[in-house]
Amino acid sequence: MPTPLSASPAAEPLIRARGLVKRFGDFTAVDGIDVEVAPGEAFGFLGPNGAGKSSTMRMIGCVSSPTAGELSILGMDPVRDGARIRARLGVCPQQDNLDVDLTVRENLTTYARYFGLSRREARRRADELLEFVQLADRADSKVEPLSGGMKRRLTIARAMVNEPDLVLLDEPTTGLDPQARHLLWERLFRLKQRGATLVLTTHYMDEAEQLCDRLVVMDGGRIAAEGSPRSLIETYSSPEVVEARFGDAEPAEYAEKLAGIGDRVEALPDRVLVYAADGDAAVAAIHARGLAPSTTLVRRSSLEDVFLHLTGRTLVD
Amino acid sequence: MLTTLLAARLPAVSGARVGAVMGRNVASLRSGPSYWIVLVSGFFEPLLYLLSIGVGVGALIGELRLEDGRVLSYAVFVAPAMLAVSAMTGVLAETTFNFFFKMKYSKTFEAILATPVGPLEVALGELSWAVVRGSFYTAVFIGVMVAMDLVSLGWALAAFPATVLVGFAFGAVGMALSTLMRGWQDFDLLNTGQFALFLFSGTFAPVQAYPLGVEILIQLTPLYHAVELVRGLALGSPGPGLLLNTAYLVAMALAGLLFAARRVERLLCA
């Protein structure tokens, strides 16, 4: 007879935060957030620079103590059981901190030793992980000559060396070219398929849509919205968006003239966005008013639009 | 009582994790020639002083009469002091420049602290590695002293553990100071301090040669105790005073280590 789900310990959240606060002097980086992450989930913190994502990640990673609120990671207290929790985490920090004195393989074997693995086991896992992140042919290279994408993949391999229950990725693809990003996403997706729980921060909407089952939008240390990418788009945006440009004219002027078309009109510095269920119908309505935009683009609504709606600002400046 | 108090306040230290931090340094030592250059240069400095001043100037001075009435050649007097200096400089190179770089620039400790390894284990691992490295210098230096007939083999072996203690003491304090450094320019201050200690700690002349006030001042500084301890053993005349020197160095090692660990935690685990 199958055990009921509620009785299984796996149903306990891996991360549980209630009213979590982090202050640095007078500055409040994280301002009372509630978060729960279930096993096997890919969870995202989405927000611009300074939203409090990294501070939250450092508290979850047990390298920074909460100023106030409750936090439980893997059912333990991060202040008291920090070392025990960190033993089961894989951390990929925002800025690569690979060991430039060591070779690619040594970066993994040395790191494995911090988790108390034997030399032999460290070596075995290093070879396996280098295969996984497609760096086996660079095993004996130093770190410096590697490309940004390769370094990132090595950092992710390093985060996997202790076979963690929970993987923390702080802006895993920031600064990478599109090809490197797609390769990395593909690897992370495979990690998720293997059953790893992923928690990531990003300020890229496409990344959040690609990787996250569920996410929170953070702004100014608070959570502005929570849900799956799809449900957030459905709640805070319309299915389609028309991006209209009017040559050199001030978009704000045109926004007034477009009022009433679609669900909502938003003027950005260089273009006007028209949110509508049917983008093509909205374009037709714009032309019907005798307006002639220099270009129009109809696209699906994205998390970027959610963020714009929630905060009135674009995400990446 | 004191031990229970310490045990309650200190985080658990795992030997395996301290060993892993040391292991990182071993791996990086193997990785390139630049490191070996630093390693070798650290050894030659005290040796050159021994040859130029101990032997060179010593030939002019001839023999030296100590306070207890013993008469010995100047080189025999200076050599143990250079051994103590060698123990100090070898370890300091690692726990100042290298430690600072790893803490501030290469983010090595940040990466380590994301694992179960804690700040005290990082500090202890770095210090232990520095002492291992420094002990290579002192072992070779002792070999030179024995070969030049400046110390008997038996007393040289007795002096070796003392140099290890000197390494722990200076390494720990150097590491503590490194956590306070704002940038490379602050290391000039450290170098000046180190050089002053090197000149006046009873290294080249018995401290009794100075006015009483200066003598007392010197007796408060660390290298004096290192020189006294190492010289007392190397000259085969250990007295009860060596216990005081030992206690001074042990206190230095513990205070420096705990302070450094605390600072690493404050700087990197904010």
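The values are calculated or read from the model by the stated rules, or taken from the named source; none is laboratory data. Since we're looking at a predicted model, the values are computed, not measured. Because the Cβ atoms are built from the backbone with ideal geometry, glycine has one as well, and the counts that use them run over all protein chains shown. In case anyone asks, the SASA skips ligands and DNA or RNA and just uses the protein heavy atoms, side chains included. Shrake-Rupley method; radii C 1.70, N 1.55, O 1.52, S 1.80 Å.
Which angle from 0 to 90°, rounded to the nearest 10, does the C-alpha axis of helix A:148-159 make with the longest principal axis of chain A?
The answer is roughly 50 degrees.
Spelling out what I want: for every residue of the range B:196-206, take phi, set θ = phi - 60°, compute 6.51 cos²θ - 1.76 cosθ + 1.60 (Karplus), and round to whole Hz; glycine and proline get x.
The phi angles translate into 4, 4, 4, 7, 10, 7, x, 6, 9, 8, x Hz.
Taking loop as defined by DSSP and a crowding limit of 11 other beta carbons within 10 Å, which trypsin sites (Lys or Arg not before Pro) in the range A:50-158 fit?
Sparse-neighbourhood loop trypsin sites (Lys or Arg not before Pro): A:Arg80.
May I ask for the net charge around A:Ala277, where only other residues with Cβ less than 9 Å from the Cβ of A:Ala277 are counted and Lys, Arg are +1 while Asp, Glu are -1?
Net of charged neighbours comes to -3.
Let's test the formula: R0 of 41 Å, r as the Cβ-Cβ distance of A:Gln94 and B:Met148. What FRET efficiency results, to the nearest 0.05?
0.15
Can you give the Rg to Rh ratio for chain A, taking only C-alpha atoms and Rh from Kirkwood?
1.04
When ligands, DNA and RNA are left out and all protein chains stay put, how many square angstrom of accessible area per residue does the protein assembly as shown have with a 1.4 Å probe?
Per residue, the protein assembly as shown has an accessible area of 45 Å².
Arrange the residues B:Leu127, A:Leu176 by how much accessible surface each exposes, largest first, with a 1.4 angstrom probe.
A:Leu176, B:Leu127
Helix A:104-114 sits at what angle to the longest principal axis of chain A, using alpha carbons and giving 0 to 90 degrees rounded to 10?
70 degrees
Would you count, across the protein assembly as shown, every pair of lysines whose alpha carbons are under 27 angstrom apart, provided the pair is eight or more residues apart or spans two chains?
So the count works out to 17.
Semi-axes of the range A:33-123's equivalent ellipsoid from the Cα gyration tensor, sqrt of 5 times each eigenvalue, largest first, rounded to whole Å?
One finds semi-axes of 27, 17, 12 Å for the range A:33-123.
Sum up the charges of everything whose Cβ sits under 9 Å from the Cβ of A:Glu243, counting Lys and Arg as +1 and Asp and Glu as -1, but leave A:Glu243 out.
Once all neighbours under 9 Å are counted, the net charge is +3.
Please list, in chain and number order, the residues 5+ apart from A:Leu200 or on another chain whose amide H is under 5 Å from its amide H, with Hs placed from the backbone.
Amide H to amide H, under 5 Å and 5 or more residues apart or across chains, A:Leu200 pairs with A:Phe43, A:Gly44, A:Phe45, A:Leu169.
Taking only the alpha-carbon positions of the range A:55-196 and ignoring solvent, what does the Debye formula give for the base-10 log of I(q)/I(0) at q = 0.16, 0.17, 0.21 Å⁻¹?
-0.85, -0.95, -1.34
Please list, ordered by chain and number, the residues whose modelled amide H lies under 5 Å from the amide H of A:Leu166; skip anything fewer than 5 residues away on the same chain.
So A:Leu166 has HN proximity to A:Gly90.
Roll a 1.4 angstrom probe over the protein heavy atoms and tell me the percent of accessible area of chain A that is carbon or sulfur.
48 percent
Test of the criteria: in the range B:87-168, which trypsin sites (Lys or Arg not before Pro) are in a DSSP loop and have at most 11 other Cβ atoms within 10 angstrom of their Cβ?
Loop-located and lightly packed - none at all.
What is the Cα convex hull volume of the protein assembly as shown when expressed per residue in Å³?
219 Å³
Can you give the FRET efficiency for B:Val214 and B:Ser106, using 1/(1 + (r/R0)^6), R0 = 51 Å, r = Cβ-Cβ distance, to the nearest 0.05?
So, using R0 = 51 Å, E works out to roughly 0.75.
In sequence order, what are the phi-derived ³J(HN,Hα) couplings for the range A:50-55 according to the Karplus relation 6.51 cos²θ - 1.76 cosθ + 1.60 with θ = phi - 60°, rounded to whole Hz, with x for glycine and proline?
So the J values, rounded to whole Hz, are x, 6, x, 5, 5, 4.
Any chance you could give the angle, 0 to 90 degrees and rounded to 10, that helix B:119-147 forms with the longest Cα principal axis of chain B?
Orientation of helix B:119-147: about 30 degrees from the principal axis.
What fraction of the Cα pairs in chain B, stated in percent, has a spacing above 30 angstrom?
Pairs farther apart than 30 Å: 31 percent.
Which cross-chain or sequence-distant (5 or more) residues have an amide H under 5 Å from the amide H of A:Met218, H modelled 1.01 Å from N in plane?
A:Leu46, A:Gly47, A:Ala224
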